[in-house]
Amino acid sequence: MNLVRLPLMAGLMSFIMVTAFSGCVYLAVGAVGVVGGYVVSPDTVEGTTAHSVEECWDGAKEIVSIMGKVDQESPNGSQLIAMVNGTTVTITLSAINVSSTKLTVKARKSFMPKIDVAQDVYAKIINALNK
C-alpha cells in the first residue's frame, strides 16, 4: 500500500508546484474574484462595459470617493488616481465606441502590486454601473 501512495503523492506535489509557478495563478485569481473582468498583470484588472465613458467616469469617481480619497483627475476624463486603504489606485477609461468603454484598474502600494484592491474597486464600479 505504501509503495502505491508514495509515487502518487510525489506526482500530486509535482503537479501543484508546476501549477503554482506557471502563471496560471493569475487566471485563477481573475476568474474567482472579478465580475466580468480579467487580470492582465499582477496589479491590473481590465474589462469592458456597455456604458458610455461619462457614465463610467461618474460611477468610478463615486465609488472611489466612498472607498477612499481622489488625488488626481485628468482634465479629459480618462484617468483617475485615488488612495484606497493606503494603496494608490489608477483608473483608466478608454472609449471603444459610443456605448462601450474599457475600464482598467491598477493598484500598487509602495511598488508592490495589490490585486485584491484592484479587483475590489473594479467589481464595485461594475456593480454600481449595472444598478
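For the reader, a short list of remarks on this structure follows.
- Listing of strands (runs of 3 or more DSSP E) fully contained in the stretch 65-131 that carry 3 or more residues being open to solvent by less than 70 Å² (accessible area, probe 1.4 Å): 79-84, 87-97, 100-109
- Of the candidates PRO42, PRO113, PRO7, the single residue that is at pLDDT below 95, touching a Ser or Thr at 6+ places or on another chain (Cβ under 9 Å) and over 22 Å from ASN127 (Cα atoms) is PRO113.
- Residue check for ALA50: open to solvent by less than 20 Å² (accessible area, probe 1.4 Å) and in contact (Cβ under 8 Å) with a residue 40 or more places away in the chain: no
The values are calculated or read from the model by the stated rules, or taken from the named source; none is laboratory data. All values reported here derive from a predicted model rather than from experimental measurement. Reconstructed Cβ throughout: ideal geometry from the backbone, glycine too, with neighbour counts over all protein chains shown. Calculation scope for accessible area: heavy atoms of the full protein, side chains included, ligands and nucleic acids excluded. Shrake-Rupley method; radii C 1.70, N 1.55, O 1.52, S 1.80 Å.
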